[in-house]
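Colleague: Below you'll find the structure I mean.
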Amino acid sequence: MEQTKKFLLFAMALPMLMASCELFEAEPEEEEVKKVDNSTYTYTYTCPIGSKNTIQIPNRLSATCKANWEYYARTYGCNDANNFATANAKKAQCP
């Protein structure tokens, strides 16, 4: 009878013991969050035929990449097919 009481006590205490052990588990470390500048500026260009267009370009780019993206936008926006290859090559240099 004494062994039965000990077994029942152990059987009832085991789930509580396991639950309390979960409280002491190491918490996952928070990863450092890198903030990305998602702001943009409006680039406006005018095509040789006179149409005026605008496009949003990311501010996070270097000055060179901004110029490359502007060239790409102007070339494709104005359908300047003779310069598509150059525009692609310039934009490919940037993220």
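Colleague: Could you count how many residues in segment 50-69 are among the β-branched types (Val, Ile, Thr) and not in a strand (DSSP E or B)?
Modeller: Of the residues in that region, 1 qualify.
Colleague: Residues of segment 62-84 being more than 19 Å from GLY50 (Cα to Cα), crowded, with 17+ Cβ neighbours inside 10 Å and either touching a Leu at 6+ places or on another chain (Cβ under 6 Å) or not basic (Lys, Arg) (or both), which ones?
Modeller: Matches in segment 62-84: CYS65, ASN68, TRP69.
Colleague: Considering only residues that are within 32 Å of the chain's Cα centre (by Cα) and assigned to a loop (DSSP other than H, G, I, E, B), look in segment 35-49 and name the one that is modelled with the highest pLDDT.
Modeller: Ranking the qualifying residues of segment 35-49, first place goes to SER39.
Colleague: Restricting to segment 31-47, and then to whatever is closer than 16 Å to ASN59 by Cβ and among the aromatic types (Phe, Trp, Tyr), can you tell me which residue is surrounded by the most Cβ atoms within 10 Å (Cβ to Cβ)?
Modeller: The extreme case among them is TYR43.
The values are calculated or read from the model by the stated rules, or taken from the named source; none is laboratory data. Owing to the predicted nature of the structure, the values given are computational and were not obtained by experimental measurement. Note: ideal-geometry Cβ built from the backbone for every residue, glycine included; neighbour counts use all protein chains shown.
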